[in-house]
Amino acid sequence: MKESFLLYRRLFAYIKHYWWVSVLSMLAMATAAVLTPLLMQQIKPLLDESLIARNAEAMWRVPLTILCIAIGKSVAEYIGNVASQWVSNKAVEDLRREVFNHQMKLSISSHQAQTSGRMLSRITYDIPQVGSALSTAWIVVIQDSLTIVALFFYLFWKAWHLTLIILVIGPVIAWVIRKASTGMRNSNRKQQSQMAEMTCAVEEQLAGLREIKIFGTQKHEESRFGNIARRLRLETMRVARISSLNVPLVQVLAFAAVSVVILIASSMAKSNLLTPGEFVAFLGTMAMIFEPIRRLTNINATIQRGLAGAQSIFELLDIKPEPDAGTHHIERARGEIRFENVSFTYPEQSDPAIQNLSLIISPGETVAFVGASGSGKTTLVALVTRFFEAQAGRILLDGVPIETIPLQELRSQFALVGQAAALFDDTISANIAYGLGDAKPEEIEHAAIQANAIDFIRAKPQGFSTRIGTNGNQLSGGQRQRLAIARAFVKNAPILLLDEATSALDNESERVVRESLVELRRNRTVLVVAHRLTTIRDSHRIVVMDKGQIVEIGTHEELLAANGAYARLLSSGEDVVADDAEGTLTETRRQ
Ligand code: ADP
Ligand code: MG
């Protein structure tokens, strides 16, 4: 109960700015509520004056009054509904933006702690639920509560002793409502996490379509998805059953009350305590009071769903953004990187990915990192950009500890080309100038030339204005990679991080991409994780890693002569892929 209250209090912060529309909506609802008993009151003159006494004036007055009240009530209801929907949709928009923006501020470890399906379904599914709890639910709660109160006062004023019957039935109905609502929220929460699983499965299906087809795992995926869909249906049905049971139960109770009233009131009518008009008006009003009560019992489901959604949204919003407390400003780094006894373990892992590693990389130097897969090369590169925080030791950029530099400034010193560049569903030029809105067309074109991308871009019907589809799926791997390199050219950062930038490419694309990389590496500090011998040999120094530690450092020739880990790595031929054009493995072995 207290928990729900706290959730609601926090939610109300989102509609606070729009209080005047909320007030308007409530006023409109109050008007509609007050007009409801007035409408019922017209039954009395209708029966007593028009129909029984045949009063000519009443024959006109009564229908006209009914029409006027009905129009007033409808207009008020319309205003009340639209205004409250407006407020809730504003809140939905605000929440969506806040969640989206917050997600970008979270550290990569926080992201890894959640499935992407969960992240997606928050924005697509949970937030609208919160929206309905803020609007539809409140329209019903406010309007119906007011209507009940208004009708009740009218009844009490007309025949207080009959009204006492409602007072007996009321608490029973309330008890039924409470009973039904327990457990409903848990069910809703389960439903939400199943929804996330479903989103995740669809995402995986779309991303892994080729794998699914080639491995022939349609049946497996079908049954996996079928299971999720079935569990979601069962849970949804559970909620549906609970909330549907509410309606007939309340109805039975309501009609029991009406029957008792009819019994008592008929005997009162005999003794002329109520006119026929008063009697019918009373019964009608009483029947009307149960409809809003019934709706109120149903609305609980909506509110509980909204609260469950709110809970999951606030859980995300409460995750702290990645720390960014640095105050040491830098313009353009010289590019010296120093690792001092750095150790790092991924969250919830026992073995460290980097162990007590020390290394100094001079400005303008190209250092290649090689080692078996899982030896920590990618992790090391990720630490420099503070994608993850080292637990021990220090990393310094130009002699300044990186955590004392504002994140944005630190990251602007790096251009990153990974194995698979993330491209956005936009034009080629927008993708090249990504993050640099003010890049001039000439700059973009120049970068495309430097990245050897200009030929394929020109061959596209719309050139630089060609849209490349979600994650660039209308381009080949080599073309995507060259766009990523063009992007790095435009960014013109002093330090270049290449993490297996060419390992996913075939030999021909690799050759083209490598040529453009040679240009990009000029006058920059470069950390390159590479499998290709040619890339490795171009480097000033080679760092051989094993289990998060450096086991050897030197030039290609030095390391070959030492005949240690590097030589073994080369001769194993597993991790260092030969290049057909130059420096093949066999050639290396001959040396
Ligand atoms: P490399 O790039 O040399 O192949 P990585 O730096 O990717 O190696 O991985 C180093 C170690 O850290 C491996 O044991 C790997 O399983 C683990 N690891 C990598 N990424 C994560 C992650 N996001 N969460 C947990 N463990 C990870
Ligand atoms: Mg790696």
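Assorted remarks:
- Amide H partners (placed H, <5 Å) of E365, local residues excluded: V526
- In plain terms, the chain is cut at each of the GluC sites (Glu not before Pro) found in a DSSP loop with at most 16 other Cβ atoms within 10 Å, and the longest leftover piece is 1-330.
- Surface composition of the chain: carbon and sulfur make up 59 percent of the accessible area, probe 1.4 Å.
- A P(r) calculated from all alpha carbon pairs of the range 166-318, with 10 Å bins opening at zero, reads 10, 25, 21, 17, 12, 8, 5, 2, 0 percent.
- Rolling a 1.4 Å probe over the protein heavy atoms gives the chain an accessible area of 50 Å² per residue.
- The chain: DSSP helices with Cα axial extent of at least 24 Å and average Kyte-Doolittle hydropathy no lower than -0.5: 19-41, 56-105, 136-158, 160-181, 218-270, 276-317
- Residues whose amide H falls under 5 Å from that of E552, counting only those 5 or more places apart or on a different chain, are V544, with hydrogens built in the peptide plane.
- Per-residue [θ]222 nm for the chain (sum of -39500 (n - 2.57) over DSSP H runs n ≥ 4, rounded to 500): -20500 deg cm²/dmol
- Charge dipole of the chain about the Cα centre (unit charges at C-beta), most positive-ward option of V87, G277, S267: S267
- Cα principal axis extents for the range 128-213, largest first, Å: 75, 23, 15
- Longest site-free stretch - the chain; sites: trypsin sites (Lys or Arg not before Pro), DSSP loop, at most 16 other Cβ within 10 Å: 55-331
- Loop-located chymotrypsin sites (Phe, Trp or Tyr not before Pro) in the range 124-209, at most 12 other Cβ atoms within 10 Å (DSSP): none
- Each Cα pair under 8 Å and six or more residues apart adds its sequence gap; the mean of these over the residue count of the chain is a relative contact order of 14 percent.
- Efficiency of FRET from Cβ geometry, V247 and D351, R₀ 45 Å, rounded to 0.05: 0.20
- Estimated translational diffusion coefficient (Stokes-Einstein, Kirkwood radius over Cα pairs, 10 °C, 1.306 mPa s) of the chain: 53 µm² per second.
- For the range 2-317, a crude dipole built from +1 on the beta carbon of Lys and Arg and -1 on the beta carbon of Asp and Glu, taken about the Cα centre, is about 700 debye to the nearest 20.
- In the range 2-317, lysine pairs closer than 22 Å at Cα, eight or more apart or cross-chain: 9
- Look at the Cα gyration tensor of the range 2-317: its axes a ≥ b ≥ c give a/c of at least 1.5 with a/b over b/c, and that counts as prolate.
- Table column - 3J(HN,Hα) (Hz), the range 524-535, Karplus curve with 6.51, -1.76, 1.60, x for Gly and Pro: 10, 7, 10, 10, 10, 9, 9, 9, 7, 4, 4, 5
The values are calculated or read from the model by the stated rules, or taken from the named source; none is laboratory data. A quick note: this is a predicted structure, and the numbers were derived from the prediction, not measured. In this analysis, Cβ positions are derived from the backbone assuming ideal geometry, glycine residues included, and neighbour counts consider all displayed protein chains. Note: accessible area is taken over every heavy atom of the protein model, side chains too, but ligands, DNA and RNA are not part of it. Shrake-Rupley method; radii C 1.70, N 1.55, O 1.52, S 1.80 Å.
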